[in-house]
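What follows is a short report on a single structure.
The values are calculated or read from the model by the stated rules, or taken from the named source; none is laboratory data. Here the structure is a predicted model, which is why all the values come from computation and not from measurement. FYI the Cβ positions are ideal-geometry reconstructions off the backbone, even for glycines, and counts take in every protein chain you see. The protein model used for the area step is the full one, side chains on, heavy atoms only, and it has no ligands, DNA or RNA in it. Shrake-Rupley method; radii C 1.70, N 1.55, O 1.52, S 1.80 Å.
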Amino acid sequence: MTKNIDINSIARPNVVKLMPYRNTREDYPGELFLDANESSFGPANLVSNSNPPIPASQELDPLQTNRYPDPYCIKVKERFIAKHDCGLSIDNIFIGSGSDEAIDNLTRVFCKPGVDKCLICPPTFEMYEMACEINDIEVLKIDLKTSNRPFQLQIDKVIQTLENDPLIKIVWLIAPGNPTGVALNQKDLLAILESSYKGIVAIDEAYIDFVGDGYQSMAKYVSKYNNLVLIQTMSKSFGLAGARVGFAISSPEVIKLMNSVKTPFNISVLAQNAAFEALSPESIKSMRRIVSEINHTRDEILVPALEKMPNVKAVLGSGATNFILVQFCSSDGTVSNDFTKKLYEILATEFNVLLRNRAHLPGCYGSLRISIGTRDEMYRILEALEKAFEKLNKE
Ligand SMILES: Cc1ncc(COP(=O)(O)O)c(C=O)c1O
């Protein structure tokens, strides 16, 4: 089946009416650019000391950082759609300052403050709820299962809730999940798309490059379901968290609205250049090599070593992401958030090792999330854990 919702009828009416900011350079090619109040001299630190100052040369400032960037990041989008190779076009892509911007933008496009709702399935990434709180949107929650296929959707309940509440404008899902590290069953995701729900199905694929064989991005479904929005990022597999580049992939109707809400020059020249270089065919090959090293380190070094430690109760989520979720226990095998908090604090204060405490989230009792770094970094965390356990077990 396909789904073709009237996207404008579910978006905020004020957003549908918006005319996107347009700069003069979108209308004329130009040669002498005196339209945007930029500096013709270039970055001040690269301008000569002479009087009058001589503008920085192209050699000194090859990216022309004195000029505003391309508002639509066309070169980056061209490379991004080539990576996906499933018939996407530039009109299917929004680029944000990290996927955090895409999440906030989508919330603002579709949810009327004080009226509409979003559905999330905890444990999940905190930005969805945060975007809702900032925008005064009610958040409904249906936890992931904790037993019998742990960290999968309670699919019947999710679909029933979505079908029965027209005020739910977005359902936020992650595949594979954070902090669960588990890939959601794509049959469930397709069942949501196939249901009679008439809102946005947002599936965050931040960790998609780490999933093993057979599990692929749902980008090919964007042409079938115009309410599907995929979120991706250059912060994880591509190693560009500092550049802040994230994507939404969706139907042209949704992308048009997202582009009209964004600030005109949201991605800097430097970030666009970093993303463009990282999406070259050679760099994508390099990314895949790094991903396979991270997956090897996770599965062959970190997880087996952790599973031998008496203070590790279970590796709860692993196998599909560049992190794992680990449940800890005291020497008598008891799991408690108290023990885990002490461990977390000792690691941070005595060993300068920072992990993420997820113990308060549903299904994550007593758990910390550990990012997978280099092999050396994993040997260091294993050593720090041994020493921290020694100390805690004496208490
Ligand atoms: C599921 C998920 N989505 C989005 C993000 C944010 O990514 P970005 O750095 O692109 O804002 C993260 C970051 O941890 C994440 O785990």
Sequence ranges 287-294, 239-246, 35-42, 171-178, ranked by mean other-Cβ count within 10 angstrom, highest first | 171-178, 239-246, 287-294, 35-42
Compute the long axis of helix 337-350 from its Cα atoms, compare it with the longest principal axis of the Cα atoms of the chain, and write down the angle in degrees, 0 to 90, nearest 10.
-> 60 degrees
Expressed as a whole percentage, what fraction of the accessible surface of the chain belongs to carbon and sulfur atoms when a 1.4 Å probe is rolled over the protein heavy atoms?
-> 51 percent
What base-10 log of the normalised intensity I(q)/I(0) is obtained for the stretch 94-183 from the Debye formula, alpha carbons as equal point scatterers, at q = 0.15, 0.19, 0.21 Å⁻¹?
-> -0.57, -0.88, -1.04
In terms of the alpha carbon gyration tensor, root eigenvalues a ≥ b ≥ c, rounded if a/c is under 1.5 and otherwise prolate when a/b exceeds b/c or oblate, the stretch 149-262 is oblate
Cβ-defined net charge surrounding Leu184, 14 Å radius [Lys, Arg +1; Asp, Glu -1] = -1
Charge tally for neighbours of Val335 with beta carbon under 15 Å away, counting Lys, Arg as +1 and Asp, Glu as -1, is +2
Taking Cα atoms, the helix 269-278 axis meets the longest principal axis of the chain at an angle in degrees (rounded to 10) of 60 degrees
Let me know the shape class of the chain, please: from the alpha-carbon gyration tensor, a ≥ b ≥ c as square roots of the eigenvalues, rounded when a/c is under 1.5, otherwise prolate if a/b is greater than b/c, or oblate.
-> oblate
Would you calculate, for the chain, the mean residue ellipticity at 222 nm contributed by helices, counting each DSSP H stretch of 4 or more residues as -39,500 (n - 2.57) and dividing by all residues, to the nearest 500?
-> -10000 deg cm²/dmol
Mean-square fluctuation maximum in Gaussian network of the chain, Cα pairs under 10 Å, restricted to Arg25, Arg108, Arg380, hits Arg25
Based on the Cβ-Cβ distance from Ser331 to Asn185, what FRET efficiency comes out when R0 is 30 Å, to the nearest 0.05?
-> 0.25
Would you mind getting the Kirkwood hydrodynamic radius of the stretch 346-395 from its Cα pairs, rounded to one decimal in Å?
-> 11.9 Å
What are the semi-axes of the equivalent ellipsoid of the stretch 27-66, taken as the square roots of 5 times the eigenvalues of the Cα gyration tensor, listed largest first and rounded to whole Å?
-> 21, 12, 8
Of Lys285/Lys387; Lys308/Lys342; Lys157/Lys262; Lys220/Lys285; Lys3/Lys236, which pairs sit farther than 28 Å apart, going by alpha carbon to alpha carbon?
-> Lys285/Lys387; Lys157/Lys262; Lys3/Lys236
Residue among Pro304, Pro13, Pro55 with the largest mean-square fluctuation in a Gaussian network model of the chain, springs linking Cα atoms under 10 Å = Pro55
Residues of the stretch 83-188: accessible area per residue with a 1.4 Å probe, Å² = 39 Å²
At q = 0.16 Å⁻¹, base-10 log of I(q)/I(0) for the stretch 284-394 (Debye sum, equal scatterers on each alpha carbon) = -0.68
Would you kindly state how much longer the chain becomes between Val16 and Asn148 on full extension, computed as 0.36 nm times their sequence separation minus their alpha carbon distance, in nm to one decimal?
-> 43.2 nm
Let me know the charge dipole size of the chain about its Cα centre in debye, to the nearest 20, where only the beta-carbon of Lys, Arg (+1) and Asp, Glu (-1) is charged.
-> 560 debye
Over the stretch 284-394, with neighbouring protein chains present, the accessible area per residue in Å² at probe 1.4 Å is 51 Å²
Note the full-extension length gain between Tyr379 and Thr349 as 0.36 nm times their separation in residues minus their Cα-Cα distance, in nm to one decimal.
-> 8.9 nm
Between the Cα axis of helix 98-110 and the main Cα principal axis of the chain, the angle (0 to 90°, nearest 10) is 80 degrees
Most fluctuating of Ser283, Ser89, Ser48 in the GNM of the chain (C-alpha, under 10 Å) is Ser48
Can you sort Met127, Met1 by 1.4 Å-probe accessible area, starting with the largest?
-> Met1, Met127
